[in-house]
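Student: The structure's right below; bear with me while I get my questions together.
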Amino acid sequence: LIIEDEANICSFIQTLLETNGYQALVAQTCMMGMTMFISYNPDLVILDLGLPDRDGLDAIRSIRQKYLTPIIVLSARTTERDKIEALDLGANDYITKPFGTGELLARAALRVNRYGGGSLPGGVFSAQGLTINYERRKVFVDGQEVRLTQTEYNIMAFLSVHAGKVLTYAAIIRAVWGYSDYGSVKKLQVNMKNIRKKMGVTPGEKRYIINELGVGYRMLAEDEA
Ligand code: CA
């Protein structure tokens with residue numbers, strides 16, 4: 001999904017993506033972009049910040065309340081502060097205009113592949129009896145569905161995309177809630193406790209997710225014992 005108000009840039013990116021095997025939707029206002037986002041659940045958002053109705057940063061904020069969909073900001077704003085603000089809100093990457101087509105394609109491919117989910121066919125994570133179906137946004141343990149809230153699911157999806165690696169509290173909070181807030185570590189821990197309980201993991205048991213005390217969490221990958 002491309003959210004960009006300048007018609008020529010919009011059609012340029014659309015053509016570029018389509019000739020490289022992607023399907024691209026375009027929206028020329030922030031409001032239209034959000035409507036299309038909800039309707040189509042895209043695999044990647046390419047977002048301009050200077051939009052006619054609202055600031056593109058608002059779109060990052062709204063998306064990150066519920067979704068982990070990768071967002072690449074494409075903006076004429078070039079200061080360090082602008083970049084930090086967008087990344088703090090949960091954007092995954094920031095490209096300044098004017099941009100190179102190779103650069104945009106490379107970064108788009110990186111984000112879509114790294115996410116490994118969204119509505120991509122075959123988007124399933126599986127390890128140690130735990131299965132996550134990204135397309136259906138569902139989690140299973142030994143074939144039984146684990147009923148999670150949206151937030152709990154988003155935490156699981158984020159950990160699974162990076163399975164095997166320790167993710168810091170701040171990184172998880174940024175990805176799930178879209179902002180860094182020390183008060184939220186508690187909120188994250190509460191969500192994690194509920195997730196573990198729902199998956200039938202007893203306190204202290206090292207299954208599916210390892211608690212790296214004081215640092216963050218790590219989901220076990222398939223090849224770990
Ligand atoms: Ca613009």
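Student: Quick test of your reading of the structure: Arg137 fulfils all but one of (1) in contact with a strand residue (DSSP E or B) (Cβ under 7 Å, 6 or more places away or on another chain); (2) of a type in the set (D, E, K, R); (3) on the phi > 0 side of the Ramachandran plot. Name the failing condition by number.
Tutor: Here Arg137 meets the rest and fails (1).
Student: Now a separate question. Of the residues Asp5, Asp43, which is touching a Leu at 6+ places or on another chain (Cβ under 9 Å) and farther than 19 Å from Asp93 by Cα?
Tutor: Answer to the selection: Asp5.
Student: Can you pull out the residues in the stretch 124-181 that are part of a strand (DSSP E or B) and either of a type in the set (Val, Ile, Thr) or closer than 19 Å to Arg61 by Cβ (or both)?
Tutor: Val124, Thr131, Ile132, Val139, Val141, Val146, Val166, Thr168, listed by residue number.
Yes or no, residue by residue, for (1) of a type outside the set (Asp, Glu); (2) more than 27 Å from Asn41 (Cβ to Cβ); (3) open to solvent by less than 70 Å² (accessible area, probe 1.4 Å):
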{"site": "Lys138", "(1), (2), (3)": "yes, no, yes"}
{"site": "Asp142", "(1), (2), (3)": "no, yes, no"}
{"site": "Ala163", "(1), (2), (3)": "yes, no, yes"}
{"site": "Val166", "(1), (2), (3)": "yes, yes, yes"}
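Student: Could you pull out the residue among Lys197, Lys187 that is more than 24 Å from Arg61 (Cα to Cα), without any contact (Cβ under 8 Å) to a residue 24 or more places away in the chain and part of a helix (DSSP H, G or I)?
Tutor: Lys197
Student: Among the helices (runs of 4 or more DSSP H) contained in the stretch 1-120, which hold 2 or more residues that are among the polar types (S, T, N, Q), within 16 Å of the ligand (Cβ to nearest atom) and on the phi < 0 side of the Ramachandran plot? Outline the logic, then answer.
Tutor: Details: elements: 7-18, 30-40, 56-66, 80-89, 101-115.
Hits in the stretch 1-120: 7-18.
The values are calculated or read from the model by the stated rules, or taken from the named source; none is laboratory data. All figures in this text were calculated on a predicted structure; none of them were measured in a lab. Note: ideal-geometry Cβ built from the backbone for every residue, glycine included; neighbour counts use all protein chains shown. Just the protein is used for accessible areas: all its heavy atoms, side chains included, with ligands, DNA and RNA removed. Shrake-Rupley method; radii C 1.70, N 1.55, O 1.52, S 1.80 Å.
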